[in-house]
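J.: Shown below is the structure under consideration.
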Amino acid sequence: MSSLSLSARDTPDMADTPIDEARIRRLADLLLEVARTVDPELAASVPSNFEGDPRLEALRSVLLEHDRAAFARLQQKVDDPQEFAEAVSAVLASAFALAASRDERLASILAPTMERATQASIRTNPKTMVGILYPLMGPAISKSLAETLDGTLQGLNQAFKYSFSWQGLKWRLEAYRSGSTFADVVLKHTVVFRVEHVFLIHRKTGLLLEHVAAAEAASQDPHMVSGMLSAIQDFVRDSFSSAEGGRGGGIDSLRLGDLTIWCEEGPSAFLAAVIRGNPPESLHTQLRETLGHIHEDLHGPLEQFEGDSAILGDLSTRLGSCLQQQEQPKEERLSRWLWILPLVLVIAVVSWAVSRAVEESRVDAYVQLLRDQPGVVVTGAERRDGLWHVSGLRDPLATDPAELLAKANLAPDRVAGHWEPYQALNPAILLKRMEATLSPPTDVSLVIYGNTIRARGSAPQHWVEKARAFIAALPAGSPRIDLAELQDVQDPTFIALRQAIQAHIIPFDSGSPRPARDQEPRLDKIAEELAQLIKVARGLGFSVRVTIIGHADATGRDTSNLSLSAARAEVVRSMLRARGIAPDLLSVRSAGALEPLKPDATDEEKAINRSVTLTVSTTD
Amino acid sequence: MIQKKVCVLGSFGVGKTSLVRRYVQSMFSDAYLTTVGVKVDKKTLAVGSADVTLVLWDIAGEDDINAIRMTYVRGAGGYFLVADGTRPETLEIARSIQARVNTEVGAVPFLLLLNKADLQESWGLSREPVEALEAAGWTILRTSAKTGENVEEAFLELAKRMLS
Ligand SMILES: Nc1nc2c(ncn2[C@@H]2O[C@H](COP(=O)(O)OP(=O)(O)OP(=O)(O)O)[C@@H](O)[C@H]2O)c(=O)[nH]1
Ligand SMILES: [Mg+2]
């Protein structure tokens with residue numbers, strides 16, 4: 001098959017130079033011989049020109065001996081499949097590594113082959129592949145399910161996003177508080193369930209491998225349940241197997257009234273959970289993981305199982321982790337009330353304590369306020385029978401304690417006052433007392449300087465006299481009352497009238513109790529002036545008294561003079577009375593000769609001393 | 001504890017359910033309620049010193065339309081073939097079932113029960129086929145769910161064979 005071509009490159013040099021033909025032939029022969037040595041086929045088809053030339057043969061064997069042996073070894077390696085395989089296997093790994101590092105071609109070349117190999121493997125024995133993949137499939141499915149579920153929950157989240165139901169708001173608040181997503185909270189409240197039984201069932205025989213039940217969960221014989229469940233699975237798998245003859249899946253979920261049965265299938269065994277209520281998707285994960293772990297750890301025993309569960313050991317604790325349950329929210333409501341009750345109590349106690357403290361501080365303020373009041377002495381303040389009692393001494397003229405309650409923000413019915421009356425000597429109270437007792441004229445002002453009350457302004461004589469009497473009646477130790485600055489001011493009409501009346505001297509004849517006859521007009525005048533004076537005084541707020549004083553001259557005996565002067569005064573009184581003057585305003589005094597108006601030396605003087613005079617005094 | 005799955009197989013109406021009922025509940029009824037699908041029952045018995053729980057799969061009988069589902073037979077530790085002595089054709093059906101079961105689960109212990117032994121006078125079963133089966137190594141028992149004849153014995157025998 002192989003061809004050999006030899007070509008000598010023509011060089012101009014060669015063409016021009018005369019060639020030694022014999023040398024060229026020899027060279028050609030030599031080259032041909034080399035080619036024959038290298039290619040056995042050529043050796044067979046082209047006869048050697050050196051045949052029979054023992055020298056060349058000898059030379060050849062010397063020159064090429066080594067290469068020949070090496071070549072033979074190589075030839076052997078390539079021709080023998082076993083050896084060739086060995087040789088390739090030594091470098092295969094590095095060759096793959098090299099090829100893979102170079103570019104992507106290796107992967108794309110291998111991929112279809114790998115796929116075909118996998119397909120073939122699955123076709124001939126699916127169980128092997130399932131067995132290989134199961135530990136991976138469990139988590140992979142969990143993961144994809146979790147993602148799907150997450151998507152669903154996000155959808156749910158969206159759906160609830162704009163729902164402003166009371167429940168929705170409450171759950172939102174809860175989600176916010178607990179830091180979980182809203183969807184989680186919704187699930188938590190809507191999913192209420194209890195796993196009552198978990199069966200681990202051998203797939204091939206339908207025999208029960210393990211069974212755990214929640215406390216008080218009623219059940220059929222677990223062996224029979226396991227048999228029936230497995231029969232149902234077989235039936236379903238058989239009936240709905242795919243057209244190509246591959247096995248269909250069994251039942252994932254069965255619903256019987258409010259019982260749900262969830263089945264989780266593994267290669268050798270399946271888990272069935274009997275659940276009351278609405279289980280959460282997380283339970284699926286739990287079942288799947290439990291089954292996955294059992295398969296990982298007990299792969300061999302599960303394959304070999306023929307009815308003796310002793311070879312599997314105790315699986316009840318593993319299955320126990322699937323016995324989950326979700327409490328009714330009812331209980332939560334109860335606990336919420338339990339939580340609120342003490343809170344209410346605490347609030348009540350605290351608010352009571354606070355209000356009491358507030359009230360107490362107000363009472364304190366109130367007592368302080370009372371202490372600042374002149375004429376009030378607080379002797380005690382205490383709380384009794386839920387009421388405050390404040391007691392002490394109080395001058396009747398001091399501020400009414402009840403009026404101060406409002407100032408201290410206290411309700412009148414919260415505080416009862418118990419006050420003993422007393423007379424305070426405090427200047428302020430004394431001033432009040434003065435005002436109450438003396439009712440000073442508007443011109444008079446009373447001012448406190450330290451322990452002294454000073455009266456200022458102008459007041460009528462009669463008021464000043466009253467004030468003096470008041471001061472005189474004060475108990476020892478009282479504040480001083482100073483009237484020195486007070487000016488005596490009287491009504492000019494009153495003064496004029498008083499002067500006029502007091503200026504009158506009614507003369508009498510010697511020894512006669514009756515005024516001289518010509519004195520009638522004077523008496524008329526006196527009566528008229530008196531009437532006016534009384535009227536004026538009444539207008540000024542006081543009344544007047546008139547004392548009629550009878551005089552006599554020193555002639556005669558003293559006793560008769562006294563009676564004579566008394567008689568003279570009485571006569572004037574009755575004469576004035578007869579002229580319309582109220583008799584109770586007129587008093588009579590006899591001075592005899594003891595208060596002579598003149599020295600009583602001359603007759604004129606004696607005549608003046610035989611008389612009646614009038615003095616006006618003021619009373620309230 | 002040791003458990004074994006035991007299938008009860010045969011033509012329809014041969015008395016499979018009745019045999020299981022007699023064995024598990026010691027009861028019998030003349031009423032015929034055909035089994036739909038499978039009915040699983042169980043009974044624990046003592047074989048020597050060991051306790052064995054037999055999980056009994058009473059499988060709906062085979063008729064012209066429905067062959068026995070082989071999926072139900074998978075994993076069986078042993079099985080009964082039940083034929084009705086009063087209906088000779090049920091023996092042939094039992095034989096055909098056995099062949100199929102054998103390919104599915106292999107050579108596990110089994111017994112052939114010729115049931116309704118209490119009606120032996122009306123049996124139409126000829127001796128030859130029975131003897132042929134015995135010659136082939138089959139163990140054959142005449143039973144009656146009605147009287148309980150050979151019922152306990154049959155179950156005990158199968159249990160022993162499965163444990164040995
Ligand atoms: N006399 C008599 N009658 C029997 C006996 N066993 C079963 N029967 C009756 O035969 C009828 C069928 O019995 P089943 O036990 O329901 O038969 P089966 O094989 O379960 O039938 P399928 O479930 O339809 O396959 C019933 O009426 C039984 O009372 C027996 O030993 N003696
Ligand atoms: Mg039946």
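The values are calculated or read from the model by the stated rules, or taken from the named source; none is laboratory data. These figures come from a predicted structure and were not determined experimentally. Please note: Cβ atoms are built from the backbone with ideal geometry, for glycine as well, and neighbour counts cover all protein chains shown.
J.: How many residues, within segment B:29-46, are surrounded by fewer than 18 Cβ atoms within 10 Å (Cβ to Cβ) and more than 16 Å from ligand 2 (Cβ to nearest atom)?
T.: Total satisfying the criteria: 4.
J.: When you go through B:26, B:18, B:49 one by one, which is the residue that is more than 16 Å from ligand 2 (Cβ to nearest atom), hydroxyl-bearing (Ser, Thr, Tyr) and more than 24 Å from residue A:205 (Cβ to Cβ)?
T.: That would be B:26, the only listed residue that is more than 16 Å from ligand 2 (Cβ to nearest atom), hydroxyl-bearing (Ser, Thr, Tyr) and more than 24 Å from residue A:205 (Cβ to Cβ).
J.: Note down all Cβ pairs under 6 Å where the first residue falls in segment B:56-73 and is in contact (Cβ under 8 Å) with a residue 24 or more places away in the chain and aromatic (Phe, Trp, Tyr), the second is within 8 Å of ligand 1 (Cβ to nearest atom) and assigned to a loop (DSSP other than H, G, I, E, B), and they're at least six residues apart or on different chains.
T.: none
J.: While we're on this one: Out of all the residues in segment B:57-109, which are in contact with a Pro (Cβ under 7 Å, 6 or more places away or on another chain) and in a strand (DSSP E or B)?
T.: B:78
J.: For segment B:67-95, enumerate the residues that are farther than 14 Å from residue B:130 by Cα and out of contact with any Asp or Glu (no Cβ under 8 Å at 6 or more places or on another chain).
T.: Across segment B:67-95, the qualifying residues are B:67, B:75, B:76, B:78, B:79, B:80.
J.: Which one of these is on the phi < 0 side of the Ramachandran plot and either at pLDDT below 95 or assigned to a helix (DSSP H, G or I) (or both): B:113, B:133?
T.: One residue alone meets the criteria, B:133.
J.: All but one of (1) away from ligand 2 (no atom under 11 Å from the Cβ); (2) more than 13 Å from the chain's Cα centre (by Cα) hold for residue B:73; state the number of the condition that does not hold.
T.: Of the numbered conditions (1) away from ligand 2 (no atom under 11 Å from the Cβ); (2) more than 13 Å from the chain's Cα centre (by Cα), the odd one out for residue B:73 is (2).
J.: I'd like the full set of residues that are away from chain A (no Cβ under 13 Å) and either more than 12 Å from residue B:82 (Cβ to Cβ) or in a strand (DSSP E or B) (or both), limited to segment B:1-21.
T.: B:9, B:10, B:11, B:21
J.: Search segment A:294-324 for residues being under 51 Å from the mean Cα position of the chain (by Cα) and not in a helix (DSSP H, G or I), and hand back the single one that is nearest to the other protein chains (Cβ to nearest Cβ).
T.: Filtering first and then ranking leaves A:315.
J.: Hey, another quick one. Can you tell me which residue in segment B:23-52 is farthest from the other protein chains (Cβ to nearest Cβ), limited to those that are free of Cβ contacts under 8 Å to residues at least 60 places away in the same chain, touching a strand residue (DSSP E or B) at 6+ places or on another chain (Cβ under 7 Å) and away from ligand 1 (no atom under 16 Å from the Cβ)?
T.: Taking the candidates together, the pick is B:51.
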